[in-house]
1. Scan the stretch 145-169 for residues that are open to solvent by 60 Å² or more (accessible area, probe 1.4 Å) and either touching a Ser or Thr at 6+ places or on another chain (Cβ under 6 Å) or basic (Lys, Arg) (or both) and report the count.
2. Go through (1) in contact (Cβ under 8 Å) with a residue 60 or more places away in the chain; (2) in contact with a Leu (Cβ under 9 Å, 6 or more places away or on another chain); (3) farther than 30 Å from Ala264 by Cα and name the single condition Glu149 misses.
3. Working only within the stretch 12-28, note down all residues that are hydrophobic (A, V, I, L, M, F, W, C) and more than 25 Å from Cys49 (Cβ to Cβ).
4. Considering only strands (runs of 3 or more DSSP E) fully contained in the stretch 1-96, which possess at least 2 residues that are touching a residue at least 12 places away in the same chain (Cβ under 8 Å), over 25 Å from Pro207 (Cβ atoms) and open to solvent by less than 60 Å² (accessible area, probe 1.4 Å)?
5. Does Val142 fit the bill of being buried (at least 22 other Cβ atoms within 10 Å of the Cβ) and β-branched (Val, Ile, Thr)?
6. When the stretch 236-250 is examined, which residues are found to be in contact (Cβ under 8 Å) with a residue 60 or more places away in the chain and of a type in the set (A, V, I, L, M, F, W, C)?
7. Got at least one residue in the stretch 120-139 being touching an Asp or Glu at 6+ places or on another chain (Cβ under 6 Å), in a loop (DSSP other than H, G, I, E, B) and open to solvent by 10 Å² or more (accessible area, probe 1.4 Å)?
8. Just checking, which of Glu168, Glu183 is part of a helix (DSSP H, G or I), farther than 27 Å from Gln139 by Cβ and not aliphatic (A, V, I, L, M)?
Amino acid sequence: MTPQNVAGCFFDVQGGQVYAHVRESDGPALVFLHYWGGSRRTWIPVLQCLEPGQGFVAYDQRGWGDSTSVPGPYGLEQLADDAQRVIGALGYSRYVLVGHSMGGKVAQMVAARKPEGLTGAVLVAPAPPAPIGVTEQVQEAVSHAYDNEAAVLQGIDLMLTHGGLTPELRRQVVEDSLRGGDEARLAWPRQGLVQDVSAGVGAIEVPVLVLAGSHDKVDPPTVLADHLLPLIPTASLTVLKDTGHLSPLEVPDQVAAHIGAFVARL
């Protein structure tokens, strides 16, 4: 179910258009960047828990959701450029980036560019700036994680969640994972996952809130504490209770509460 007062629209990016849901409002808007395998739908449970007047844009990154037809490249620089194109088109004077997993790494890259209007960033189970323990075997395994429905379901149960998901959300994760374009699916495990962006993130000057899942097997709190926090001087870490990697779907109330408090402090 889509949150109230939301408009669907397309935004021009290099080579095509990405599809978004937008809600207008005063105050800092939230710019939602989904994980590898997700879509704008990943954020719906969180959006439903936010204040009804909170403005936002949640869009399908190129290669995913209703943006699957947008051609590559699908690398992190291109995804960061796309985010800035969407933000620029909306004309936000103040905004907060909210990135999950791959989207969290994209958010780090955007924030490192010090764009005008950026007032903060919330990184939800973000991929760290530099790869930690990613071998060629890991890359190969990840590149096959979305080969078919059985593979996606196995990933949900073994890697991505802690408490499980409702049947509806399980179906959504399967649909989103399988819908991604072939090139977009492979770009993350083969390139984005191992790309080292740590040299840039020290330039981030806005407040950064890192939300880590207590039972996250993909980007555990200890990894983020050791390999992300020391690199971003403005970052602080909060651990979400009883969740794995897909915290926006597992504990959207906690994610929304922390985002709301963070924005209020700004």
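The values are calculated or read from the model by the stated rules, or taken from the named source; none is laboratory data. Note that the structure is predicted; figures quoted are calculated from it, not measured. Using ideal geometry, Cβ is built from the backbone for each residue, glycine included, and neighbour counts are taken over all protein chains shown. Calculation scope for accessible area: heavy atoms of the full protein, side chains included, ligands and nucleic acids excluded. Shrake-Rupley method; radii C 1.70, N 1.55, O 1.52, S 1.80 Å.
1. 1
2. (1)
3. Within the stretch 12-28, Val13 is the sole residue that qualifies.
4. 7-13, 16-23
5. no
6. Leu246, Leu249
7. yes
8. Step by step, each of Glu168, Glu183 is checked, and only Glu168 is part of a helix (DSSP H, G or I), farther than 27 Å from Gln139 by Cβ and not aliphatic (A, V, I, L, M).
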